[in-house]
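Read the structure below first, then the notes.
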Amino acid sequence: MRELELRHFRNLGVQELHFPPEGVAVIGDNAQGKTNLLEAIYYLESFRSFRGAADGELTAFSEDVFYLKGSVEGDRPATVSAGFDRKRRKKKVSVDGTDAQRMSSALGRLGAVVFSPSDVELVSGGPSARRRFLDILLSLNREGYVEALVGYRKALAQRNAALKANAGAAAVGAWDQGLVGHGARVTHMRHEWATTWSGAFSAYCTAISGCDSVAMKYRPDLGAGGGEPRAGEEAFGDDEGLVQERFRARLAENWETDVRRGVTTVGPHRDELLLTITSRARSLQVRTFGSGGQRRTAALALRLAEAATIRRERGTEPILLLDDAFAELDEGRSRQVMELLRDEGTGQVVLTAPKESDARLRGPSLERWRIHQGVIEA
Amino acid sequence: MSAIDDLTRELRRLPGIGTKTALRLAFHMVKGPKEDIHRLAGALAQVAERIHPCPRCGNYCSAEVCSVCRDPSRDRSVICVVEEAYEVGAIERTGRYGGLFHVLGGRLSPLDGVGPGQLDIDGLLERVSDPEEKPKEVILATNASVEGEATAVYLETLLRPHGLRITRLARGIPVGSDLEYVDGTTIAEALAGRREVGDGSA
Ligand SMILES: [Zn+2]
């Protein structure tokens, strides 16, 4: 990130910022707008709030419109802008001065990853939290994923509406082709990501915490029927044709259940990214059986894998947005994470911290900015 | 002022017209010659009184049946099924299609309350089993969206027992785009490259 123009985004007012190439440490008390700044930067990557806020909430209280514009340098220079009009409920996105006809064509131009204390919910939350993680990651990094996901969600919602309306086998079954085609692609691409990065994920966990054997694996609902993974299932998601075939068979098996419940009971909307720890030869979910430290470690490892994905898929160093990220980690673990980040690459870092002393450990050489009531002083 | 308010309100109900545009149009009419308003009103009245869906194919017409259905030189062995009547115009403008049409009047979308009963599917089934028409091929030219594809799949299951050739437009029509906005050459190519559907894949 070289330049960032802010207009009425949250409490940040109207400002223009010029970032040093190695990054910056933003120091300020809580509720001054530190996280808002990272949220603004990441908005230009994904066109939504990483905190899950609606666009209307991002507009300054007394204003109707917010506008953001940022430029990145490097191998893939780009200028991305986004504006939202609260009254007209209109969002406009442009890349290098040209309005994007589809939001999906403008996604992922910055190459940024957010590390936040709330990431622990990725691990401790339900399966939908981890599917959401995969959906955002793959939407930003893999061509064709957004289209498959949107197509799948549409077909699923329509099929469920047809089931609720008691539309009959032919009118419900009409959605199966779209459901299976898009759904198999979604499952396949998620599975492929998890398989590619499971080794790195475990290695990150070990590097951060020193011990703990934590593993990551994608469990397609289509393969397991809800229970523990069956033998030979590992290869299941590798072959998209096989996924399609299996999906069709499971839809047929579940037909009566679907009709009775008025909802589609099989498909990637029920898949799980399993994170497990091995203890006495038993595989236990970190979500339920992990300690607080293990959950935080696994969450950091997911973000590190996300950063590594950007590096591999886009060939650029990711911008690391560290939102007081290690507040709840002990000193040893946070030092490990900083070392890992340094070993992996030399991308730009924008970190926030409430006190100067917190920033020292994480980035001694970074330029310091202060933030007070939304105003940033370089 | 209330007549202008009424007019503005009516204009606002048209697609793509907001309050500002509606006001601009209304004042433009008021400022212009009275004959212009009467001519517009007359044209609207004509549409209301004379235009109706063709009882055979659903295309809009003012005669008893539409000009396509009436034309003896059209190839009666092919029926091209489209979602909306304005798509008939898009295909006609290519000048490369000589068969008949059937307008469904929409596409399946249970989320919007549109099921098979809301579309003119019965009319299509009547036509394919009518011994006088007896078409040999039905082209499913619904849009390449999730809804358009599902509508095509649904029609295919109903048409299959009639033993005719069922085809779908070739890929090339951008996914999710309405025929209305696709250029003529692309439509003509998609028509020429249409492929048979239902060979075990659906
Ligand atoms: Zn007609």
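The values are calculated or read from the model by the stated rules, or taken from the named source; none is laboratory data. All values reported here derive from a predicted model rather than from experimental measurement. Every residue, glycine as well, gets a Cβ built from its backbone with ideal geometry; the counts of neighbours run over all protein chains shown. Ligands, DNA and RNA are excluded from the accessible area calculation, which covers all protein heavy atoms including side chains. Shrake-Rupley method; radii C 1.70, N 1.55, O 1.52, S 1.80 Å.
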Carbon and sulfur atoms account, in whole percent of the 1.4 Å probe accessible area of region A:1-59, for 43
How are the Cα pair distances of region B:35-97 distributed, in percent, across 10 Å bins from 0?
19, 44, 25, 11, 1
Heads up, I need the accessible area for residue B:187: 1.4 angstrom probe, whole protein in place, Å², nearest 10.
0
Nearest 10 degrees, 0 to 90: what angle lies between the long axis of helix A:34-46 and the longest principal axis of chain A (Cα atoms)?
50
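Work out the length of the dipole vector of region B:60-196 about its Cα centre, built from +1 on the beta-carbon of each Lys and Arg and -1 on the beta-carbon of each Asp and Glu, and round it to the nearest 20 debye.
Around 540 debye, computed over region B:60-196.
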By how many degrees, between 0 and 90 and to the nearest 10, does the Cα long axis of helix A:145-164 differ from the longest principal axis of chain A?
50
Quote the total accessible area buried by chains B and A together, excluding ligands, DNA and RNA, probe 1.4 Å, nearest 100 Å².
1200
Using a 1.4 angstrom probe and counting only protein chains, how large is the accessible area of residue A:96 in Å², to 10?
90
Order by accessible surface, 1.4 Å probe, largest leading, for residues A:99, A:85 comes to A:99, A:85
How big is region A:122-289 in terms of Cα radius of gyration and Dmax, in angstroms?
16.9, 57
So what's the angle, to the nearest 10 degrees on a 0 to 90 scale, between helix A:331-344 and the longest Cα principal axis of chain A?
80
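Using the Kirkwood formula on the Cα atoms of region A:54-121, what hydrodynamic radius do you get, in angstrom to one decimal? Kindly include the intermediate steps, with their values, before the conclusion.
Numbers: mean 1/r = 0.0731 Å⁻¹.
Evaluated over region A:54-121, this radius sits at 13.7 Å.
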Looking at region B:60-196, I'd like the Rg to Rh ratio, where Rg is from alpha-carbon atoms and Rh is Kirkwood's inverse mean 1/r.
0.93
Ignoring ligands, DNA and RNA, what percent of the accessible area of region A:229-337 is carbon or sulfur (1.4 Å)?
44
Rounded to one decimal in Å, the inverse mean reciprocal Cα-Cα distance for region B:76-139, i.e. its Kirkwood radius, is 12.6
At q = 0.24 Å⁻¹, the log10 of I(q)/I(0) for region A:1-89 from a Debye sum over equal Cα scatterers comes to -1.32
Rg/Rh (Cα only; Kirkwood hydrodynamic radius) as it applies to region A:90-195:
1.05
Tell me the relative contact order for region A:122-289 as a rounded percent, counting alpha carbon contacts under 8 Å between residues six or more apart.
28
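So, in chain A, how many Lys pairs have Cα atoms under 16 Å apart, if the pair is 8 or more places apart or on different chains?
Close lysine pairs under the 16 Å cut-off: 4.
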Antiparallel DSSP bridges in chain B: what percent, to the nearest 5?
30
What are the radius of gyration and Dmax of region A:246-378, computed over its Cα atoms and given in Å?
21.4, 64
P(r) for region B:3-50, please, calculated from all Cα pair distances in 10 Å bins and given in %.
26, 51, 23, 0
Which of A:21, A:210, A:294 sits farthest toward the positive end of the charge dipole of chain A, with +1 on the Cβ of Lys and Arg and -1 on the Cβ of Asp and Glu?
A:294
On average, how much accessible surface per residue is there in region A:122-289, in Å², for a 1.4 Å probe, leaving out ligands, DNA and RNA?
43
Against the rule of thumb 2.2 N^0.38 Å, how large the Cα Rg of the protein assembly as shown comes out
1.17
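What number, in percent, do you get for the relative contact order of region A:237-319 if the mean sequence gap of Cα pairs under 8 Å and at least 6 apart is divided by its residue count?
It comes to 12 percent, rounded to a whole number.
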Taking protein heavy atoms only, a 1.4 Å probe, and rounding to whole percent, the accessible area of region B:4-134 owed to carbon and sulfur comes out at 53
As an exercise, use a Förster radius of 35 Å and the Cβ-Cβ distance of residue B:122 and residue B:48 to find the FRET efficiency, rounded to the nearest 0.05.
0.85
A drop of at least 10 square angstrom in accessible area, chain alone versus all protein chains together, probe 1.4 Å. Which residues of region B:133-156 meet that?
B:146, B:147, B:149, B:150, B:153, B:154
Provide a list, ordered by number, of residues in region A:159-201 showing at least 50 Å² less accessible area with every protein chain present than when their chain is taken on its own, using a 1.4 Å probe.
A:174, A:175, A:177
Once the Cα atoms of region B:1-122 are picked out, what are the Rg and Dmax in Å?
18.8, 57
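Only Cα pairs under 8 Å and at least 6 apart count here; give the relative contact order of chain A as a rounded whole percent.
25
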Quote to one decimal, in nm, the extra length available between residue B:64 and residue B:28 on full extension: 0.36 nm per residue of separation minus the C-alpha distance between them.
9.3 nm
